[in-house]
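Comments concern the structure below.
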Amino acid sequence: MTADDGSLLVVDDELFLRGAVAASLRFLGFDVAVAENGTDALRLARATPFDLLILDVLLPDVDGFEIVRRLRREGNLVPVIFLTAKDTQDDKVTGLTIGGDDYMTKPFGLEELAARVRTVLRRTRPVPAGPVLTFADLTLDQDTYEVRRDGRLIELSPTEFRLLRYFMLNPGRVLTRAQLLDHVWDYDFGGSSTVVSTYVTYLRRKLAGSGPDLIWTQRAVGYSLRLPRPVDPVDPVEPVEPVDPADPSDPEESQAGTDES
């Protein structure tokens, strides 16, 4: 699959914009379907395994945010780029929090949209990975359960290992606390996000012993694994909130309080 392969669904109630976006992406080699309202978008997204949705937020029936909420509740994790005329911080935070991957404000250039489509697809497509995952000077061996940074072995608890593995499978992507709970703890109990921030702090401290912080905090949204930018200060480490060993949110980590100190 090349950079410009893949099936996309473009959803917008503006005929001209919908047609222009679809035509430009088809010209680049993508397979593009279109919808003009939320009802049709939901029907198509449920019936077809699209690689990406390009989704207008303000639709005449079911808005774009609600479409994604419904798809995520159904377990559909298709990547989404939101399009909107509203350029507010609250809307961007909402879009990212509910599971969006990018957010573009109208008007926008078709070349910029194509670049963002390629970026999201490159980031979210499953990569045929061997047992060893790498990011910067960090390696994680899924067979031996060994983690090394700059060649130095780092001892991690099972939960820390799963957390780091999920970050390394999604480099650069902002992962919400809810996503981390679902994929790392794999619980249906609807547990508190406190356990997520606690273990992110544990993991940061262990990784920081061999280099700058690689886990960044996106305020009010979640976390991402990114290379540090020399001109920026490193994100402050969040204070550790103690985990109750009896907390059902992490039954297998009954020794967490002592193991992680």
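The values are calculated or read from the model by the stated rules, or taken from the named source; none is laboratory data. Keep in mind that what you see is a predicted model, and the values were worked out from it rather than measured. Cβ atoms come from the backbone with ideal geometry, glycine included; neighbour counts cover every protein chain shown. For the accessible areas, the whole protein counts, side chains as well, though only heavy atoms, and no ligand, DNA or RNA atoms are used. Shrake-Rupley method; radii C 1.70, N 1.55, O 1.52, S 1.80 Å.
For the reader, a short list of remarks on this structure follows.
- Restricting attention to the stretch 149-165, the residues that are surrounded by fewer than 16 Cβ atoms within 10 Å (Cβ to Cβ) and closer than 21 Å to W216 by Cβ add up to 1.
- Condition broken by R116, with the remaining ones in (1) crowded, with 19+ Cβ neighbours inside 10 Å; (2) within 20 Å of the chain's Cα centre (by Cα); (3) part of a helix (DSSP H, G or I) satisfied: (1)
- Selected residue (only one of R177, R165, R173 is of a type in the set (K, R), touching a Lys or Arg at 6+ places or on another chain (Cβ under 9 Å) and closer than 25 Å to T97 by Cα): R173
- Each residue in the stretch 3-51 was checked for being open to solvent by 10 Å² or more (accessible area, probe 1.4 Å), assigned to a loop (DSSP other than H, G, I, E, B) and touching a Lys or Arg at 6+ places or on another chain (Cβ under 6 Å), and 1 of them qualify.
- T144 vs. criteria assigned to a loop (DSSP other than H, G, I, E, B) and surrounded by fewer than 15 Cβ atoms within 10 Å (Cβ to Cβ): yes
- Subset tally (residues that are of a type in the set (A, V, I, L, M) and in a strand (DSSP E or B)) for the stretch 147-181: 4
- The residues of the stretch 79-113 that are among the polar types (S, T, N, Q), closer than 20 Å to L42 by Cβ and outside any helix (DSSP H, G or I) amount to a single one, T84.
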